[in-house]
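First comes the structure, then the notes that go with it.
The values are calculated or read from the model by the stated rules, or taken from the named source; none is laboratory data. Every value quoted in this text rests on a predicted model; they were computed, and no experiment measured them. For neighbour counting, all protein chains shown are included, and Cβ atoms are generated from backbone atoms with ideal geometry for every residue, glycine included.
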């Protein structure tokens with residue numbers, strides 16, 4: 001089974017319905033044993049929206065293909081193609097193609113299916129015939145429907161990726177009430193039968209809380225008064241009720257489950273479970289059991305105390321980062337989730353590249369997601385168990401430190417004397433590389449996502465809201481500037497300094513505090529990593545894409561899509577032959593090896609850690 005993307009409990013079948021990254025659906029029993037799988041179809045993109053009736057299962061993949069499956073056999077029945085399913089009247093151009101999206105809005109209600117196509121248009125289909133009844137224009141031009149709630153027979157709710165919530169009648173398409181719930185994705189909207197209200201999730205937070213704190217929002221159906229309950233700084237991915245609606249259960253990318261007492265109108269936090277091994281992307285409840293899906297593809301069954309009872313038989317691997325040794329450019333270090341793996345590579349005949357494993361260290365310290373090689377061959381790494389550690393190539397831990405919150409990133413200075421560590425709670429530590437001793441610290445009012453040392457001795461700290469603080473050697477603030485979006489990684493290529501994030505790959509002038517060039521055209525979702533080779537810039541995105549741009553002009557040269565799964569690690573390497581090498585790794589443990597020909601990545605190998 002490939003990595004699971006969505007889960008839902010089907011009560012009358014007493015099983016979990018799952019979808020995966022290759023466009024298939026599956027049934028699991030309560031103990032997470034596989035009961036049945038669908039065959040594959042010609043549509044093999046990730047399914048990210050799923051719903052069901054007694055007879056059918058309905059899906060939408062990330063390109064906008066809408067599918068229908070037999071609920072008894074899981075046989076595919078009918079599919080509407082993403083390109084053709086559209087109303088031309090609402091397009092800017094007839095040459096327009098569907099846009100990928102991770103939006104998950106889909107619902108079956110009174111014999112009809114409601115979802116969006118690949119053009120953000122709102123589609124209504126007949127469940128039995130699967131004929132298209134109506135296509136409405138998008139609610140907003142630059143937004144997809146992310147959630148549809150039809151649990152209240154009188155008032156239905158639709159949430160968008162832009163943070164807007166619409167209340168009204170889905171059958172007449174009359175949505176007269178519009179309310180801002182978040183600054184970004186509202187993945188889930190549910191109806192609380194106990195308190196006669198809606199509850200929605202947030203990814204970013206509203207107004208001054210944007211990219212600082214977020215959680216869930218209750219909405220009174222009569223007064224439309226909303227109340228926010230903040231509990232995280234990261235995406236909230238699922239929202240469930242206990243069988244009697246006495247509990248509200250929510251979780252997300254921080255890896256924790258927050259359980260609220262819902263017996264009265266005021267939610268009261270009852271307990272926090274976790275953090276679990278990885279980011280949570282889905283959840284379901286069956287009686288007193290929780291089923292928690294992680295972005296790694298791991299699926300676990302726990303009780304309401306967080307004790308694990310069952311686990312899906314799934315081997316998690318991910319290439320989170322690919323970094324070259326500071327002085328041996330043909331030696332690379334990969335953070336693999338399980339630990340750190342090293343490869344030595346060399347140019348080879350026939351356009352190929354030879355790879356030789358050098359070491360494979362499984363550290364059992366939690367999911368290892370960042371690695372920085374040092375001059376002596378050792379490395380510093382981060383794990384999701386809030387640990388920063390240093391290890392040699394033989395896997396011997398030289399030192400380790402547990403910090404109070406999730407570490408987001410680490411940077412090492414050129415002399416390998418100090419490293420900067422940023423945490424989700426806004427704390428920044430500077431540690432001595434030799435012994436791991438904390439030598440300096442500072443605290444910011446937002447999660448710290450990126451850090452860097454500059455050649456002139458300055459230190460750079462970037463926060464989730466997009467604020468960049470340049471400090472002196474003692475971490476005193478020298479100057480600040482901001483970008484519109486959140487950063488993921490900072491990197492240097494020669495004398496050029498870059499940051500990559502939701503805004504794309506941005507070349508910076510840190511002395512002036514401004515963006516010089518931005519590379520982002522045709523990339524969707526978060527931009528995760530970037531690299532430079534010769535006159536070309538390369539960017540990977542959570543849209544499973546590689547974008548190639550001409551340096552300095554921002555002109556797109558090529559677009560590679562789709563990759564096998566979400567890309568994370570990226571490294572560009574100058575070759576001794578005619579064509580440079582680009583490495584891209586990600587979820588599933590893949591490393592794609594490309595030769596760069598006139599700016600275009602030509603794949604030569606695909607290996608797995």
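Please go through the range 347-366 and give me each residue that is under 30 Å from residue 576 (Cβ atoms) and buried (at least 19 other Cβ atoms within 10 Å of the Cβ), ordered by number.
Passing the criteria: 353, 361.
Taking strands (runs of 3 or more DSSP E) as the structural unit, those lying wholly within the range 430-500 and holding at least 1 residues that are closer than 26 Å to residue 536 by Cβ correspond to 448-453, 459-463, 467-471, 487-493. Scanning the range 551-565 for residues that are buried (at least 17 other Cβ atoms within 10 Å of the Cβ) and closer than 15 Å to residue 587 by Cα yields 563, 564, 565. On inspection, residue 210 does not qualify as farther than 26 Å from residue 487 by Cα and in the same structural domain as residue 268 (by TED's automatic domain parsing). In this structure, residue 249 does satisfy being assigned by TED's automatic domain parsing to the domain that holds residue 196, buried (at least 19 other Cβ atoms within 10 Å of the Cβ) and in a strand (DSSP E or B). One residue alone among 516, 548, 584 is in a strand (DSSP E or B) and surrounded by fewer than 17 Cβ atoms within 10 Å (Cβ to Cβ), and that residue is 516.
Please list, ordered by first then second residue, the pairs with beta carbon atoms under 6 Å, 6 or more apart or interchain, first in the range 263-277 and assigned by TED's automatic domain parsing to the domain that holds residue 217, second surrounded by fewer than 14 Cβ atoms within 10 Å (Cβ to Cβ) and at pLDDT below 95. Hits for this filter: zero, empty list.
Is it the case that residue 366 is part of a loop (DSSP other than H, G, I, E, B), touching a residue at least 40 places away in the same chain (Cβ under 8 Å), over 21 Å from residue 432 (Cα atoms) and not assigned by TED's automatic domain parsing to the domain that holds residue 433? In short, yes. Of everything in the range 207-221, what is more than 20 Å from the chain's Cα centre (by Cα) and either in a loop (DSSP other than H, G, I, E, B) or at positive phi (or both)? Give them in sequence order. Passing the criteria: 207, 221.
Residues considered: 389, 468, 369, 418. Of these, the only one that is buried (at least 18 other Cβ atoms within 10 Å of the Cβ), more than 22 Å from the chain's Cα centre (by Cα) and either modelled with pLDDT under 95 or within 18 Å of residue 488 (Cβ to Cβ) (or both) is 468. Looking only at residues in the range 137-152 that are more than 22 Å from residue 236 (Cβ to Cβ) and in contact with a strand residue (DSSP E or B) (Cβ under 9 Å, 6 or more places away or on another chain), the one that is surrounded by the most Cβ atoms within 10 Å (Cβ to Cβ) is 138. Got a number for residues in the range 25-45 being crowded, with 22+ Cβ neighbours inside 10 Å and either without any contact (Cβ under 8 Å) to a residue 60 or more places away in the chain or within 17 Å of residue 280 (Cα to Cα) (or both)? Here the count works out to 1.
Within the range 53-64, restricting attention to residues that are out of contact with any strand residue (DSSP E or B) (no Cβ under 6 Å at 6 or more places or on another chain) and on the phi < 0 side of the Ramachandran plot, which residue is surrounded by the most Cβ atoms within 10 Å (Cβ to Cβ)?
Among those residues, the one meeting the criterion is 63.
Among the residues of the range 346-361, is there at least one that is modelled with pLDDT of 95 or more, under 24 Å from the mean Cα position of the chain (by Cα), within 19 Å of residue 607 (Cα to Cα) and in a strand (DSSP E or B)? No; the residues of the range 346-361 include none that is modelled with pLDDT of 95 or more, under 24 Å from the mean Cα position of the chain (by Cα), within 19 Å of residue 607 (Cα to Cα) and in a strand (DSSP E or B). Kindly indicate whether any position in the range 399-413 is over 22 Å from residue 567 (Cβ atoms), crowded, with 21+ Cβ neighbours inside 10 Å and more than 24 Å from the chain's Cα centre (by Cα). Yes, because at least one residue in the range 399-413 is over 22 Å from residue 567 (Cβ atoms), crowded, with 21+ Cβ neighbours inside 10 Å and more than 24 Å from the chain's Cα centre (by Cα). From 176, 196, 159, which residue is outside the structural domain of residue 445 (by TED's automatic domain parsing), closer than 29 Å to residue 267 by Cα and free of Cβ contacts under 8 Å to residues at least 12 places away in the same chain? Being outside the structural domain of residue 445 (by TED's automatic domain parsing), closer than 29 Å to residue 267 by Cα and free of Cβ contacts under 8 Å to residues at least 12 places away in the same chain holds for just one of 176, 196, 159, which is 176.
From the list 224, 229, which residue is outside any strand (DSSP E or B), in contact (Cβ under 8 Å) with a residue 24 or more places away in the chain and over 22 Å from residue 295 (Cβ atoms)? Give the derivation first.
Details: 229 fails: outside any strand (DSSP E or B).
Every option except 224 fails the conditions.
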